[in-house]
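Take a look at the structure below.
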Amino acid sequence: MLDIRLIRENTDLVKARLQSRGGDSYLRVDEILECDRQRRAAETRLQQLQGDRKRISKEIGARKGRGEDTSAVEAEVRGIGDEISRLNEEATGCDVRQRELLLQLPNLPHPGAPVGADAADNPEVRAWGSPVSLGFPAKSHIELSERLGLLDFERAARMSGSAFVAFTGDGARLERALINFLLDLQTRQHGYVEIAAPLLVRPEALVGTSQLPKFEEQLYRCERDDLYLLPTAEVPVTNLHREEILALDQLPKKYAAYTPCFRREAGSAGLGTRGLIRMHQFDKVELVQIVKPETSFEELESLTAHAEKALQLLGLHYRVIELCTGDIGFGATKTYDIEVWAPGQNAYLEVSSCSNFGDFQARRMNLRFKGEDGKNHFCHTLNGSGTALPRLFVALLETYQQPDGSIRLPEPLHAYFGAATIG
RNA sequence: GGUGAGGUGGCUGAGUGGUCGAAAGCACCGCUUUGCUAAAGCGGCAUACUCGAAAGGGUAUCGAGGGUUCAAAUCCCUCCCUCACCGCCA
């Protein structure tokens, strides 16, 4: 959520930066400002009247104490009361409307963000390694896992529908090995505190991290209890400290969490394609940081490096791209995507998206810290996948496939998996 | 799911209709005293919004929302949460 003062005082800047995202969100700015004007006018008048009433009511109390008759004054104040409730409704109405509008407005891309229209304009920042040369035609993870009995798409679809999968046998074991490997890496080497979070969350939590109100259709909802299945661990982990005022020495907070993630993927391209690339349910290890504003961009670099480290240890070729203004997500001010090479797909797959949200989420969830000046300030929040599992699974199988269709696992996974090869 | 108790400032905790944004204590921050530590004394110490160029005002907030009243921390209703016990359950 953007600061209404920023919008009020730097209207043109805000509009320009919103406009750089494409879309028409900048058109809402004037409506918000008009709402803000109305709200403040109503509040000012309301406060005057409340002051009047307060004074007179105290006077009534004092006079009653002296045994005087006050019925005339009481009748007079009653009239003020009506006007107060009218103005109160007006002010509250404006306030609610203003918040609704603000919640719909995306974050401002940071000033240095590459300007562009869509994903085609995202610059590559760096690459690590190079595409594996297998020396034979690469098989897809679908074919590989079928031979090895690692995944069961058909039976999963029979009971749950398409875009669900069952991991079976060594497939399930590998999935579990990856989760443990990733969590251990982030907690033991990079200082993240492990969180096992609730998988069902209230709508407020989703408003906090900005999945709601705009992206309702992407979420699974349990209507009976008004709870949502989480689309990413970002939601429960960032919201851990919602409504809190953290002490300076508690920052930065660094959390790593494994959770399944649930996404309806309504309207997504590629939902129909076979394989693990896009699922309604998938596993992910997520990194979250809550930091002081001054350090958030540095921390984005370190958080991204932490995610990259996993791929490096697994010996998987990847590239890092920065999202341009037209492609960056709703709440983010700066985002790096990490894409891993999958030879069987002949494509790079997005396995991590690392974002700095600035104070955008913190405002929504009222997450603050007590600064050195003794005042409360909004924290900055960051998160990134470290990493998404299914696409990592894909890259791993396809990169380490042998001519006979078996898989030779990279060394760091041997202990976790309990063997060096599959098949 | 049932029954009961309860939610007041960073913490503890008073406060059952008016002079209560809220006693007191602790914690914290200044200053004084002091050989050091400690103690004592004095003062300060919530948040948000709003008016104002500023100085400085004002309003709201005692879990949340509604209601009664000239006036609500205090009375009424709904909801949320916490705790205890019972039932059920991995």
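Below is a table of values for the structure above.
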read-out: Dipole magnitude of chain A, debye to nearest 20 (Cβ charges: Lys/Arg +1, Asp/Glu -1, about Cα centre); value: 580
read-out: Cα-projected label distance for A:Asn180 with A:Ala196, points at 7 Å along beta-carbon direction, nm; value: 1.4
read-out: For chain A, alpha-carbon Rg over 2.2 N^0.38 Å; value: 1.22
read-out: Electrostatic dipole magnitude of region A:277-423 [Cβ: Lys, Arg +1; Asp, Glu -1; Cα centre; debye, to 20]; value: 420
read-out: Average accessible area per residue (Å²) across region A:54-95 - probe 1.4 Å, nucleic acids and ligands excluded; value: 69
read-out: Karplus-derived 3J(HN,Hα), 6.51/-1.76/1.60, for each residue of region A:169-176, Hz, glycine and proline x; value: x, 5, x, 5, 5, 5, 4, 5
read-out: Cα-based Lys pair tally, chain A, threshold under 14 Å, eight or more apart or on separate chains; value: 4
read-out: Stokes-Einstein D for region A:71-179, Kirkwood Rh over Cα pairs, 4 °C, 1.567 mPa s (µm²/s); value: 59
read-out: Net charge of neighbours whose Cβ lies under 13 Å from the Cβ of A:Thr381, counting Lys and Arg as +1 and Asp and Glu as -1; value: +3
read-out: Trypsin sites (Lys or Arg not before Pro) restricted to DSSP loop in region A:25-126 with at most 12 other C-beta within 10 Å; value: A:Arg66
read-out: Neighbourhood charge, 15 Å Cβ-Cβ cut-off, centred on A:His414 and excluding it, Lys, Arg +1 and Asp, Glu -1; value: 0
read-out: Sparse-neighbour loop sites [GluC sites (Glu not before Pro); region A:213-314; at most 16 other C-beta within 10 Å; DSSP]; value: A:Glu243, A:Glu244, A:Glu265
read-out: Under Karplus coefficients 6.51, -1.76 and 1.60, residue-wise ³J(HN,Hα) of region A:12-28 in Hz, glycine/proline x; value: 5, 4, 4, 4, 5, 5, 5, 5, 5, 6, x, x, 10, 4, 5, 5, 7
read-out: Enclosed volume per residue, in Å³, of the convex hull spanned by Cα atoms of region A:4-104; value: 87
read-out: Separation of alpha-carbon centers, region A:1-71 and region A:232-261, rounded to whole Å; value: 32
read-out: Region A:351-399: trypsin sites (Lys or Arg not before Pro) falling in loop per DSSP and having at most 12 other Cβ within 10 Å; value: A:Lys375
read-out: With every protein chain in place, chain A: carbon and sulfur % of accessible area (1.4 Å); value: 48
read-out: In Hz, Karplus ³J(HN,Hα) per residue of region A:294-302 (6.51, -1.76, 1.60; θ = phi - 60°; x = Gly, Pro); value: 4, 9, 5, 6, 4, 5, 4, 5, 5
read-out: A:His377 paired with A:Asp3, simple spin-label distance in nm, labels 7 Å along Cα-to-beta-carbon; value: 1.0
read-out: Helix axis angle, A:71-104 relative to chain A longest principal axis, alpha carbon, degrees; value: 20
read-out: Farthest toward positive dipole pole in region A:278-361 [+1 Lys/Arg, -1 Asp/Glu at C-beta], among A:Leu323, A:Tyr348, A:Thr335; value: A:Tyr348
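The values are calculated or read from the model by the stated rules, or taken from the named source; none is laboratory data. Given the structure is predicted, the values throughout are model-derived calculations rather than measurements. For neighbour counting, all protein chains shown are included, and Cβ atoms are generated from backbone atoms with ideal geometry for every residue, glycine included. These accessible areas exclude ligands, DNA and RNA; they are computed on the full protein's heavy atoms, side chains included. Shrake-Rupley method; radii C 1.70, N 1.55, O 1.52, S 1.80 Å.
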